[in-house]
Amino acid sequence: SESRMKQSKRCSMSEYVRVKTQFKNRGCLLAALKDCGCSEIEEGTSISLRGYQSGRTAQLVIRRQSIGTTADIGFTLGKDDSYSLIVDSDDRSKVNAKLRLLNARYSQQMVSHLAKINNYSVVSQSKAEGKTKIILRRWQ
């Protein structure tokens, strides 16, 4: 009936949203995802995301079954060489908490990566009060 149609138009529909990130290094992003417990990551050039809306693709995909979301999440590389997170709007609050952890892990991976290519090695890592302290030593 007409009242039912009006009601369904007012309901918000699930949709994929793009979240801009500062992730630029694919290797560090993959390592950080694994550090966060995402062990099953599909890699490719155009992998379909499964969820409410079809037709979205990404280069890195984490299937919904492995992370407990209603739809897959993905990362797609933009023209500025940084990855954007593609997430279903219904899962956004659930993913936001994981994104904070992912940001921290990605930063640690980048420090280790940059240290290695600049002839430094990680001597120690410690965590206190929500901060990570990394001590590096340069080998000549």
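Since every read-out is calculated from the coordinates, none of them should be taken as a lab result. Keep in mind that this is a model prediction, so the values were computed, not measured. Virtual Cβ from ideal backbone geometry, glycine too; neighbours counted across all protein chains shown.
Of the residues Ala128, Ala97, Ala115, the one that moves most in a GNM of the chain with alpha-carbon contacts below 10 Å is Ala128. Projecting the Cα atoms of Val61, Ser89, Val123 onto the charge dipole of the chain (Cβ charges, centred on the Cα centre) puts Val123 farthest toward the positive pole. Taking a ≥ b ≥ c as the square roots of the eigenvalues of the alpha carbon gyration tensor, region 94-140 is oblate, as a/c is not under 1.5 and a/b does not beat b/c. Relative to the current alpha-carbon distance between Lys20 and Asn118, full extension at 0.36 nm per residue lengthens the span by 32.4 nm.
Given only helices, namely DSSP H runs of n ≥ 4 each adding -39500 (n - 2.57), what is the per-residue ellipticity at 222 nm of the chain, to the nearest 500 deg cm²/dmol?
On the way: 4 runs with 49 residues, N = 140.
Helix-only estimate at 222 nm: -11000 deg cm²/dmol.
Could you give the size of the charge dipole of region 10-106 about its Cα centre, using +1 on the Cβ of each K and R and -1 on the Cβ of each D and E, expressed in debye and rounded to the nearest 20? Don't skip to the answer; put the middle values down first.
On the way: 16 positive and 11 negative charges, 48 e Å.
Its charge dipole is roughly 220 debye.
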